[in-house]
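Undergrad: Structure incoming, see below.
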Amino acid sequence: MATTMLRAGPAFAPPVPAAPQRAAAAAALGTPLLQVDGVSLEYRTRERVVRATHRVSFDMHEADRFVLLGPSGCGKSTLLKAIGGFIRPVEGEIRLDARTVSAPGPDRIVVFQEFDQLPPWKTVHQNVMFPLLASRTLGRKEAAERALHCLDKVGLARFADAHPHQLSGGMKQRVAIARALAMQPRVLLMDEPFAALDALTRRKMQEELLALWDEVRFTLLFVTHSIEEALVVGNRIALLSPHPGRMRAEINSHGFTLDSLGGSAFQAAVQRIHRMLFEEEGVGA
Amino acid sequence: MSALLNPPVRAEYERKLEPFTEVAVERELPLATRIWAQGAVRKGLILAVLALLWELLARWQDNDLLLPTFIATARALVDGLATGELIDKVRISFAVLLQGYLAGVLLAFVLTTLAVSTQFGRDLLDTLTSMFNPLPAIALLPLALLWFGLGRGSLVFVLIHSVLWPLALNTYAGFQGVPETLRMAGRNYGLRGLRYVLQILVPAALPAILSGLKIGWAFAWRTLIAAELVFGASSGKGGLGWYIFQNRNELYTDRVFAGLAMVVLIGLLVESLGFATLERLTVRRWGQQR
């Protein structure tokens, strides 16, 4: 699972290489796990059709921690839902293992921001087993075992028989992460999973997520609007501009961990991203 | 003196805390409070007070034909139960009731499942409920008697009518209230069609479905008793409504009250044993309802 990856460039590589260069680099990296290829997404309100993203492209490789970062209105959550298969692109294509994504499926498990993603009628243990059984991935006995194993990994084995309403927000998110890990999806999709948590819990969850990744090396797509979180969690960050969402830059951030918070290199990176996101108006769109 | 007031800088300190032993961290509630916390005790008290008021009112009124006392009614009820006559009537009523109720529940489920999956189903449910929900089941009985004859068939027909529409409306409203995140989580696991409805929508909408089931149950009882009262025995054997009707004709008012009391008792039993248990095991345990 944990293939040695070619992580190109230092933390301050030039934002977007020119197209031919990029193609050459892609060839050197092998086929990506997930390809978002010129994807435009639209949503419908009562009166009009709104373009959420416009011809967004990026590649994700195995064991990437890929972050979509941008202000609200840049369509990052919509993009994640499209990769989840809940929304169909009006233009372009999303490919997972070279197959076009057309419907939701258990190979792309989503961890949502909201706490109500856990069915309240199932215990924590049953919740983690649910997708395994629903997708007929495993039999009941194996599912129970794997669920317990994953709960243990997120430190909730003691709460296996509790119902979700008895848990705190952070614990609910841990269950959702355990549930996603148990499925061993090709891509783990996280839609601002820690945004509704308090700052201390959030910090702890980031730590735990990184520790889990260190151990399991899953492929992660993470949506956030916090620059710090993006730098800490991701190894590569896609910056999106708002109205409609377009690719602004892709940045490497594998050099940063939770320990680099507050360091001067980290501050410089934050400043740089901030400039790219918010000087849009000055440049003129 | 400077114009800006700065708070003084104080020294830091750290305390070592011993394990807390001064007072007990948890205490038990007093016995009276714990007894009062039992729902059965409080409700039993309400029933006792009502019975007492009835007894007093009947004694003051002093007319057995109009209002028999609580004790006379209780005696008639015990007599009816002892001879087995009342139990027989209840059994007959119950058999018809269950048939109509279950058929109504099944149909409501089919209709709402259609409604959540297709636009046509939604329109169908909308139109049918707004047409038939206001129609009293009893008003359909003469028609039912023409179609299905004087017997069980027509009773089941009106029972279905009285259960189906309110339950379908409640269930559909419940389905619509299911959070979008939960829906997407379900679809994320590849659930669709009937499995999606049964494994995501039904449990998530269970509070609304349960209240629909309760309303439907009450409507079914009312309709059945009323139908038996108006049209008498079906297929030679009458149920509880027929028992009430017959005894009114013969001016056994205490037995009329015993029959009515039986309806009330069954209602209380079904509510406290059936629905309350169901609620405790599901929506309360899941934290969907307090």
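Computed from the coordinates by the stated procedures, all read-outs in this text should not be read as laboratory data. What you see is a predicted model, and the numbers here were worked out from it, not measured in a lab. Reconstructed Cβ throughout: ideal geometry from the backbone, glycine too, with neighbour counts over all protein chains shown.
Undergrad: What are the lysines whose alpha-carbon lies under 18 Å from the alpha-carbon of A:K122, with same-chain residues fewer than 8 places away excluded?
TA: Cross-link targets: A:K141, A:K172.
Undergrad: Starting from the Cα of A:E215, step 7 Å along the direction of its Cβ; do the same at A:T31; then give the gap between the two resulting points in nm.
TA: 3.2
Undergrad: Report the percentage of all Cα-Cα pairs in the stretch A:117-184 whose separation exceeds 14 Å, rounded to a whole percent.
TA: For the stretch A:117-184, the share of Cα pairs beyond 14 Å comes to 47 percent.
Undergrad: Work out how much length B:V270 to B:Q99 would gain on full extension: take 0.36 nm times their residue separation and subtract the Cα-Cα distance, in nm to one decimal.
TA: Computed gain between B:V270 and B:Q99 is 59.9 nm.
Undergrad: Then there's this: To the nearest 20 Debye, how big is the dipole of the stretch A:117-184 about its Cα centre, given +1 on the beta carbon of each Lys and Arg and -1 on that of each Asp and Glu?
TA: 80
Undergrad: Tilt of helix B:253-269 relative to the longest C-alpha principal axis of chain B, in degrees (0 to 90, nearest 10)?
TA: The angle comes out near 30 degrees.
Undergrad: Let me ask you something else. Fewest Cβ neighbours within 10 Å first, please rank A:S168, A:S40, A:S226 accordingly.
TA: A:S168, A:S226, A:S40
Undergrad: If amide H atoms are built 1.01 Å from N in the plane of the peptide, which residues on other chains or at least 5 residues away come under 5 Å of the amide H of A:G245?
TA: Close amide H contacts, sequence-distant or interchain: A:T53, A:H54.
Undergrad: Which of the three applies to the stretch A:218-285, rounded, prolate or oblate, going by the alpha-carbon gyration tensor with a ≥ b ≥ c and a/c under 1.5 meaning rounded?
TA: oblate
Undergrad: Same structure, new question: Using 0.36 nm times the number of residues separating B:L150 and B:L128, minus their current alpha carbon distance, what extension gain do you get?
TA: Separation in residues times 0.36 nm, less the Cα-Cα distance, equals 5.3 nm.
Undergrad: Simple spin-label model, 7 Å along Cα-to-Cβ: A:R140 to B:Q176 in nm?
TA: 3.7
Undergrad: Could I ask something else about it? At a Förster distance of 51 Å, what's the computed FRET efficiency of A:D259 paired with B:F120, Cβ-Cβ distance as r, to 0.05?
TA: E(calc), rounded to 0.05, equals 0.30.
Undergrad: Same structure, new question: For helix A:124-134, what angle does its Cα long axis make with the longest principal axis of chain A, in degrees from 0 to 90 and rounded to 10?
TA: 70
Undergrad: Something else: Let's see if you can work this out: charge +1 on each Lys and Arg Cβ, -1 on each Asp and Glu Cβ, no other charges. What is the dipole magnitude of the stretch A:109-258 about its Cα centre, in debye to the nearest 20?
TA: Dipole of the stretch A:109-258, to the nearest 20 debye: 380 debye.
Undergrad: Could you list B:V270, B:V78, A:V39, B:V90 in order of exposure, starting from the residue whose Cβ has the fewest other Cβ atoms within 10 Å?
TA: Listed from fewest to most nearby Cβ atoms, that is B:V78, B:V270, B:V90, A:V39.
Undergrad: Let me ask something else. On a full-extension model of 0.36 nm per residue, what is the gain between B:L56 and B:R42, subtracting their alpha-carbon distance, rounded to one decimal in nm?
TA: Between B:L56 and B:R42, full extension yields an extra 2.9 nm.
Undergrad: Can you put B:S130, B:S211 in order of Cβ neighbours within 10 angstrom, beginning with the fewest?
TA: B:S130, B:S211
Undergrad: Same structure, new question: Using 5 Å bins from zero, what percent of all Cα-Cα pairs in the stretch A:144-285 falls into each bin?
TA: 2, 8, 17, 19, 18, 14, 9, 6, 4, 1, 1, 0
Undergrad: Within the stretch B:11-50, report the chymotrypsin sites (Phe, Trp or Tyr not before Pro) that DSSP leaves as loop and that have at most 12 other Cβ atoms within 10 Å.
TA: B:Y13, B:F20
Undergrad: How well do other chains shield peptide A:110-118, expressed as the mean number of their Cβ atoms within 10 Å of each residue Cβ?
TA: For this peptide, the per-residue mean of nearby foreign Cβ atoms is 4.
Undergrad: Moving on to the next point. Can you pull the percent of Cα pairs in chain B with separation above 31 Å?
TA: 51
Undergrad: Let me ask you something else. Let's test this: bin the Cα-Cα distances of chain A at 5 Å from zero up to the farthest pair and state each bin's percent.
TA: So the P(r) values, bin by bin, are 1, 5, 12, 16, 18, 17, 14, 9, 5, 2, 1, 0.
Undergrad: With a ≥ b ≥ c the root eigenvalues of the C-alpha gyration tensor of the stretch B:8-124, is it rounded (a/c under 1.5), prolate (a/b larger than b/c) or oblate?
TA: oblate
Undergrad: Take A:D97 and A:A268, extend 7 Å from each Cα along the Cα→Cβ direction, and tell me the distance between the two endpoints in nm.
TA: Going from the A:D97 label point to the A:A268 one covers 4.2 nm.
Undergrad: Could you work out, for the protein assembly as shown, what percent of all Cα-Cα pairs fall into each 10 Å distance bin, beginning at 0 Å and stopping at the bin that holds the largest distance?
TA: Going out from 0 Å in 10 Å bins, the protein assembly as shown shows 3, 13, 18, 17, 14, 12, 10, 7, 4, 1, 0 percent.
Undergrad: Quick one: 3J(HN,Hα) in Hz for the stretch B:173-181, Karplus 6.51/-1.76/1.60 with θ = phi - 60°, rounded, Gly and Pro as x.
TA: Per residue, the Karplus-derived 3J(HN,Hα) values read 4, x, 4, 5, x, 5, x, 4, 4 Hz.
Undergrad: About its Cα centre, how strong a charge dipole does the stretch B:64-284 have in debye, to the nearest 20, once Lys and Arg get +1 and Asp and Glu get -1 at the Cβ?
TA: That gives the stretch B:64-284 a dipole magnitude of about 640 debye.
Undergrad: Same structure, new question: Loop by DSSP (not H, G, I, E, B), at most 12 other beta-carbon atoms within 10 Å: where is the longest site-free stretch of chain B for GluC sites (Glu not before Pro)?
TA: Result, exposed sites excluded: B:29-249.
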